[in-house]
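The values are calculated or read from the model by the stated rules, or taken from the named source; none is laboratory data. Predicted model, so just to flag it, every value in this text is computed and none were measured. Note: ideal-geometry Cβ built from the backbone for every residue, glycine included; neighbour counts use all protein chains shown.
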Amino acid sequence: MPRLPRLTGAASAALALGLVAAAPAAPAAGDGPLVTDARVIAHFDPAAGQTPENIALEPDGSADLTFAFARTVAHVTLDGTTTRRAELPAVANPDTPMVRSAVVTGIARAHDGTLYVNYATGTDATGIWRISPGAAPVRIAQLPPDGFPNGLALDEHRGVLYAADSVRGTVWRVPQAGGAATAWATGPALAPLTAPPASGYGANGVKVHRNAVWVSNSDRGTLLRIPVVQDGSAGPVETRGDGLDGIDDFAFPGHGRSVLVALKPGNKVVLLRPDGTVTTLLTAEDGLSEPTSVAVRGRTVYLPSGAFSARHAPSLLLAHLRHLIGRG
């Protein structure tokens, strides 16, 4: 998530679309690079607040992106065509912790096409919002105004949403249909650091995978697994990766516990294996500029770059997995 003061202006601007030549991916374990054919399919305008933060995929392979400071959800096709899908309502005097602007952050998609997004404002508008096809956004759950809802995950099997609060070090659980938020998981492992090099961002990305909720902690450089026990409550927090400086979002490129991780400050995407081995797959040379999230569909990897610090070259990059990663 962004670590900058507010950006001014969220007016629509023309998008410069194009491709960049793919630089060789960093070697991965095995007999060749795991990720190849990296290419930017769409460039965005940071002056208009078009800083991609999170991503959800459509069945046809197109992507829905949250543009944090533009308060919008954009739709990007595989040829780079970008349109606005929805805009969150403006709020008077936003006072979101750390950024002081109203920002739309995490996004999740239901099988019927309904989108859910986190909206952080520092006001009573903070919460989880639903965007039904063809309808205006509607808030379905309120979250604390002094928090920072960041990553968002949907478990349709249980009918619940999980929102990671970076400031309060909490994973909120909300009924998919809407209702009161419950502090599902809390504790030091989810909290931000309280001393340098603290950034203020604790729990950040969140995914549901194999009967557990996985959460990244940006300040602590950790990837956590929280089992979902039979009654739906949270089990003990397990650390599954550490030393991941600047970890933001992540995704599972298969059914196992190997994870693709976006390391935003380092302009890198790495593969974290269950044994703790970390392999760099893509870097700034491939077109990354502060990658904020990761999504995988089949052998295609989607990587939005927010470019929050550089204010240059926010984009959506696609790459190809050489092979699927199994249960390792």
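Some values worked out for this structure:
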| item | result |
| --- | --- |
| Matching entry among 47, 90 (being loosely packed, with under 15 Cβ neighbours inside 10 Å, not in a loop (DSSP other than H, G, I, E, B) and not acidic (Asp, Glu)) | 47 |
| Complete set of residues in region 256-283 that are out of contact with any Gly (no Cβ under 9 Å at 6 or more places or on another chain) and crowded, with 23+ Cβ neighbours inside 10 Å | 260, 269, 270, 281, 282 |
| Residue within region 223-237 that is within 15 Å of the chain's Cα centre (by Cα) and at pLDDT 95 or above present | yes |
| Some residue of region 35-43 being in contact with a Ser or Thr (Cβ under 8 Å, 6 or more places away or on another chain), buried (at least 22 other Cβ atoms within 10 Å of the Cβ) and not in a strand (DSSP E or B) | no |
| Test: residue 286 is of a type in the set (Asp, Glu), modelled with pLDDT of 95 or more, out of contact with any Ser or Thr (no Cβ under 7 Å at 6 or more places or on another chain) and loosely packed, with under 14 Cβ neighbours inside 10 Å | no |
| Residue check, residue 84 part of a strand (DSSP E or B), modelled with pLDDT of 95 or more and over 26 Å from residue 271 (Cα atoms) | yes |
| The listed residue being under 19 Å from the mean Cα position of the chain (by Cα), surrounded by 14 or more Cβ atoms within 10 Å (Cβ to Cβ) and at positive phi, out of 246, 241, 205 | 246 |
| Of residues in region 151-189 being surrounded by 23 or more Cβ atoms within 10 Å (Cβ to Cβ) and β-branched (Val, Ile, Thr), the one farthest from residue 129 (Cα to Cα) | 170 |
